[in-house]
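Notes follow once the structure below has been shown.
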Amino acid sequence: MKLKTVQLKNFKRFDDLTINLGDNPRKIIALVGPNGCGKSSVFDAFEEKLKDYKVASQNEHASYFAKFCYSILPGKKSESYNKDESISITKEDGTNSFDKKSFYIRSAYRFTSKLKVDSIKAQPDIIDDHNRPYSSNAMDSRMQGNYERLLSKLLYEFEQGDKTGAEFKKEFLEKINDILKNILDVKISSLGNVGNGKGQLFFEKESSKNFPYENLSSGEKEVVDIIIDLVIKTPDFNDTIYCIDEPELHLNTAIQRKLLIEIEKLVPDNCQLWLATHSIGFLRALQEELKEKSSVLDFSEKDYFNGAMEIKPIVATRENWQRIFQTALEDLTGLMAPKKIIYCEGKLQNSLDEKLFNIIFGEEFHDSLFLSSGNKDFVQKYSAIALTVLNKAFSNVEIIAFVDRDDNLEEMKQGKTVIRKLVRKEFENYLFDKVLLRKYCETNGKNFNETEFDNLVKDIVNDEVKDKGGDIIKKCCNCNLSTDFKTDLAKLITKDMDIYKDLRREIFAIE
């Protein structure tokens, strides 16, 4: 079973939202957007529909589902809630009939910190799903019940079945462990022993053997919970809309991606998997491995709460994916590309000047990057090319071409490329400043020879300091000029020093 349309009227925060998945809805439907955009509300609608066919342990009050128009809006009054009028769901075949197994929903509040089973007892019908959460903000604690079902199955096979203990272990534990090894580096070592007071799952990880479920990390528990749940439930929920709210909880990006790939394998192909997520790991799986099986609904694109609105799967263009990832990461550009790229002089690959500038300004301007690109002519050339290329890939990247002083080159702007220059003759005129050299000597227990410095450097702004660098360092600091020495000098430049303030003003145009 796959859904084709979902319409929500005066439901929670939606006035009139239609989700239109087209004539050939895909297996995976990803609801993507920031917190509060309405993703979980869609799952609440599915749970409300499910209550027509089976009861829940508890029900939310009607006010939880109704959209209210308060008196601050002239002429508006609160709307009453009628479930049948508020929720309309159509299947791929055009019908709207459902049953007990039509929806299987996991809330975002999945948490079972410990397992403790003292006795093996009869289990209720699996389709009734008696302990399911009653809404998207309710606790989802199916892990304990799933463990008890594993034990019941083992006992059944022992008493009445035709499987040996070894065969049962192969069917369930090996299947689960084969999936877990594709996601985590843990596996189930034992189902425990209720009779001996060890009624919980035991695991192994690297050299650690037979440690209890409660000792898993939160992320490991999250994965184990979801995988065991699907292994147990999918044979019976075989014509079902599976919904998982924020399956990425507690998981790093790489594990998120692997988990979704394994979830998709477990969900039967005639079923549909709905995910509410803003996880970059899940998005990468949807973009790459599962792209032919998935559709993405971008709830961040516009305000879908007010008025009659329709949302359809995005077209998988780079522009749309960039917007989706910006939602997932809040600011993709800030992570994928710096806000400013400053091209400076120096050899084309990993020049020392590039390294030193990044050291000096790395803390205050963490969103800026210095790159070397040859002499001043190449600096201007490559910065212009970079601006053209980067602004097609990312938005609002500022390019600055920063060159040594040249009497014939005034600060200017070529298109959107800002060209700036040093006030002092070269970078070494800042790096070999008297104040900085004195600080170096004091830091390293050396005597700074100021007399020699004044003899060698008459004008720190205009002298050819770079050519005299070796003599200056040898005679004034009793050191040899080297890459490490220059690096140590750069690390000593702090925000309160005049040379820092000068460079800051000349490069970033900030006083």
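The values are calculated or read from the model by the stated rules, or taken from the named source; none is laboratory data. On a predicted model such as this, the values are computed, not experimentally measured, just so you know. Cβ placement follows ideal geometry from the backbone for every residue including glycine, while neighbour counts extend to all protein chains displayed.
Return yes or no: is ILE188 among the β-branched types (Val, Ile, Thr), buried (at least 20 other Cβ atoms within 10 Å of the Cβ), touching a residue at least 60 places away in the same chain (Cβ under 8 Å) and in the same structural domain as GLU288 (by TED's automatic domain parsing)?
Values: among the β-branched types (Val, Ile, Thr): yes; buried (at least 20 other Cβ atoms within 10 Å of the Cβ): yes; touching a residue at least 60 places away in the same chain (Cβ under 8 Å): no; in the same structural domain as GLU288 (by TED's automatic domain parsing): yes.
Spelling it out, it is not the case that ILE188 is among the β-branched types (Val, Ile, Thr), buried (at least 20 other Cβ atoms within 10 Å of the Cβ), touching a residue at least 60 places away in the same chain (Cβ under 8 Å) and in the same structural domain as GLU288 (by TED's automatic domain parsing).
Of all the residues in the range 192-215, those that are free of Cβ contacts under 8 Å to residues at least 60 places away in the same chain and buried (at least 20 other Cβ atoms within 10 Å of the Cβ) number 1.
Scanning the range 441-470 for residues that are assigned to a loop (DSSP other than H, G, I, E, B), over 49 Å from the mean Cα position of the chain (by Cα) and without any contact (Cβ under 8 Å) to a residue 24 or more places away in the chain returns LYS458, ASP459, ASP467, LYS468.
Kindly indicate the residue of the range 360-386 that is among the β-branched types (Val, Ile, Thr) and crowded, with 17+ Cβ neighbours inside 10 Å and also modelled with the lowest pLDDT among those meeting that condition.
Just the residues of the range 360-386 that are among the β-branched types (Val, Ile, Thr), to begin with: 360, 379, 385.
Going one step further and asking which of them are crowded, with 17+ Cβ neighbours inside 10 Å, we end up with 360, 379.
Working: ILE360: 93, VAL379: 46.
Top of the filtered list is VAL379.
Reported count of residues in the range 11-26, each being in a strand (DSSP E or B) and either among the hydroxyl-bearing types (Ser, Thr, Tyr) or surrounded by 19 or more Cβ atoms within 10 Å (Cβ to Cβ) (or both), is 5. Filtering ALA276, ALA337, ALA308, ALA316 for residues that are at pLDDT 90 or above, surrounded by fewer than 19 Cβ atoms within 10 Å (Cβ to Cβ) and among the small types (Gly, Ala, Ser) leaves a single hit, ALA308.
Here is the figure for the range 279-302: residues that are among the acidic types (Asp, Glu), at pLDDT below 90 and more than 17 Å from LYS265 (Cα to Cα) total 1.
The criterion of at least 1 residues that are over 24 Å from LEU259 (Cβ atoms) and out of contact with any helix residue (DSSP H, G or I) (no Cβ under 9 Å at 6 or more places or on another chain) is met by the following helices (runs of 4 or more DSSP H) wholly inside the range 123-206: 142-159, 165-169. Note on the range 50-65: among residues that are in a helix (DSSP H, G or I) and aliphatic (A, V, I, L, M), the one that is modelled with the lowest pLDDT is ALA62.
Could you tell me whether any residue of the range 449-458 is at positive phi and outside the structural domain of ILE359 (by TED's automatic domain parsing)? Please lay out each step first, then the result.
Pass one, the range 449-458, residues at positive phi: none.
Scanning the range 449-458 turns up no residue that is at positive phi and outside the structural domain of ILE359 (by TED's automatic domain parsing).
ASN238 fulfils the conditions (1) outside any loop (DSSP other than H, G, I, E, B); (2) under 28 Å from PRO25 (Cβ atoms) except for a single criterion, (1).
For residues that are among the charged types (D, E, K, R) and closer than 30 Å to GLU511 by Cβ, scanning just the range 476-498, find the one that is surrounded by the most Cβ atoms within 10 Å (Cβ to Cβ). Spell out the reasoning first.
Within the range 476-498, the first condition is being among the charged types (D, E, K, R), and the residues that meet it are 484, 486, 488, 491, 495-496, 498.
Those still in the list that are closer than 30 Å to GLU511 by Cβ too: 486, 488, 491, 495-496, 498.
On the way: LYS486: 21, ASP488: 15, LYS491: 13, LYS495: 11, ASP496: 7, ASP498: 11.
Per the criteria, the residue is LYS486.
One residue is enough: does the range 78-93 have a residue meeting the conditions under 30 Å from SER218 (Cα atoms), among the charged types (D, E, K, R), assigned to a loop (DSSP other than H, G, I, E, B) and at pLDDT 80 or above? Within the range 78-93, not a single residue is under 30 Å from SER218 (Cα atoms), among the charged types (D, E, K, R), assigned to a loop (DSSP other than H, G, I, E, B) and at pLDDT 80 or above. Looking at the range 32-49, is at least one residue part of a strand (DSSP E or B), within 27 Å of the chain's Cα centre (by Cα), within 30 Å of GLU289 (Cα to Cα) and modelled with pLDDT under 95? Yes: one or more hits. Can you find a residue that is more than 29 Å from LEU50 (Cα to Cα), surrounded by fewer than 21 Cβ atoms within 10 Å (Cβ to Cβ) and assigned by TED's automatic domain parsing to the domain that holds LYS101 anywhere in the range 256-265? Yes: one or more hits.
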